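Colleague: Right, I'll just put the structure down here and ask away after.
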Amino acid sequence: MTHREGLTEQPILLREDSGFDSQAHLALLERQRQAFAEAGRRLDYLVKWNPRDSAKADLDTWLAVAEGYWEALRPGKRQAMWTQTVSIRDDKVEYVVKRVMRLVERTADPDGQLLIEPDYELEGWWTSLEEAPEAVIKRYQAHATHEQFHSEIKTDLDLERLPSGKFATNDLILHLAQLAYNILRLMGQLGMTGELSPVRHPAKRRRLRTVLQELVHRAAVVIDKARQIILDVGQDIGRMTLLKTLRTRLRYPRGSPC
């Protein structure tokens, strides 16, 4: 736990996916929370629950527990959210942990087509947060957003595997990747959102792959004519307008005199 203690003096929230759902790990988190509290600090955790076979085998039990918590989301879809406490044991020590549950029932799809049988989706989150179930679930959803940024580095920048067996070389590659990532992210935020969004759909941010496809990857023809070499990039007026606007914004930030 030393590496986490040195990160910051602020309260820490540890978010983990269902691969960390085990009684031994939850017990470890509870012991770490106690150690933090004794040091006058705060540590909270949010771990996705792995339902394994209980979602189908114990469906009638979960439906009985959810009774009284149902709320309609749309015609043919409702959900129930509640908080329960569960006792776990590790090394002959018992811990009482909290779990936020959500059960979704669908009897029709978004287009209104009725389903032959209701479809149920059961989810849960182990947590030490003293918040409403809606707030806990929303905090974990931010974890999925964070994973999307990891995915862009691994897939869009093709860095899922580092190229060298030398630590110093890979360190250099990661620093260059960080620079490229920030440049492409800035290009996407300044040049491909708001009034400059592509026709397909508006968005608050663009994936690096989209920025590369729209702004960086350009088809061109090299023409050798009349003792001149010409690079012809075509008549893509819309894209050239976007690039010129982006160049102006990078040279003259908003609010600065031109």
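The values are calculated or read from the model by the stated rules, or taken from the named source; none is laboratory data. It should be emphasised that the depicted structure is a prediction, and the values quoted were computed from it without experimental measurement. Positions of Cβ are generated from backbone atoms using ideal geometry, with glycine treated the same way; all protein chains shown enter the neighbour counts.
Colleague: Could you count how many residues in region 102-141 are of a type in the set (A, V, I, L, M), in contact (Cβ under 8 Å) with a residue 40 or more places away in the chain and not in a loop (DSSP other than H, G, I, E, B)?
Modeller: 4
Colleague: Is it fair to say D91 is touching a helix residue (DSSP H, G or I) at 6+ places or on another chain (Cβ under 9 Å) and farther than 24 Å from A142 by Cα?
Modeller: Considered against the rule, which asks whether it is touching a helix residue (DSSP H, G or I) at 6+ places or on another chain (Cβ under 9 Å) and farther than 24 Å from A142 by Cα, D91 comes out as yes.
Colleague: Something else now. If D158 satisfies every condition in (1) on the phi < 0 side of the Ramachandran plot; (2) assigned to a loop (DSSP other than H, G, I, E, B); (3) of a type outside the set (A, V, I, L, M, F, W, C) but one, which is the exception?
Modeller: (1)
Colleague: A follow-up question, please. Yes or no: region 135-147 includes at least one residue that is charged (D, E, K, R) and in contact with a Phe, Trp or Tyr (Cβ under 6 Å, 6 or more places away or on another chain).
Modeller: The answer is no; no qualifying residue exists.
Colleague: On to the next question. Only one of (1) within 25 Å of F20 (Cα to Cα); (2) exposed (fewer than 12 other Cβ atoms within 10 Å of the Cβ); (3) among the aromatic types (F, W, Y) is not met by F167, so which one is it?
Modeller: Condition not satisfied by F167: (1).
Colleague: Exactly one of (1) within 30 Å of T145 (Cα to Cα); (2) in contact with a Leu (Cβ under 8 Å, 6 or more places away or on another chain); (3) modelled with pLDDT of 80 or more; (4) not acidic (D, E) is unmet by A220. Its number?
Modeller: Condition not satisfied by A220: (1).
Colleague: How many of the residues in region 82-101 are part of a strand (DSSP E or B) and farther than 14 Å from W125 by Cβ?
Modeller: At the first step, the residues of region 82-101 found to be part of a strand (DSSP E or B) are 82-90, 93-101.
Those still in the list that are farther than 14 Å from W125 by Cβ too: 87-90, 93-96.
Matching residues across region 82-101 total 8.
Colleague: Just give me the residues in region 223-258 being at pLDDT 80 or above, among the aliphatic types (A, V, I, L, M) and more than 25 Å from E152 (Cβ to Cβ), in sequence order.
Modeller: Within region 223-258, I223, A226, I229, I230, L231 meet the criteria.
Colleague: Oh, and also: Quick test for you: out of A39, A57, A35, A64, pick the one residue that is at pLDDT below 90, of a type in the set (A, V, I, L, M), in the same structural domain as L122 (by TED's automatic domain parsing) and more than 28 Å from the chain's Cα centre (by Cα).
Modeller: Just one listed residue meets the conditions, A57.
Colleague: Is it the case, given these coordinates, that A168 is among the small types (G, A, S), at pLDDT 75 or above and in contact with a Leu (Cβ under 8 Å, 6 or more places away or on another chain)? Explain how you work it out, then say what you get.
Modeller: On the way: among the small types (G, A, S): yes; at pLDDT 75 or above: yes; in contact with a Leu (Cβ under 8 Å, 6 or more places away or on another chain): no.
Spelling it out, it is not the case that A168 is among the small types (G, A, S), at pLDDT 75 or above and in contact with a Leu (Cβ under 8 Å, 6 or more places away or on another chain).
Colleague: How about region 161-195: which of its residues are in a helix (DSSP H, G or I) and polar (S, T, N, Q)? Outline the logic, then answer.
Modeller: Residues of region 161-195 that are in a helix (DSSP H, G or I), as a first pass: 167-191, 194-195.
Correct list: T169, N170, Q178, N182, Q189.
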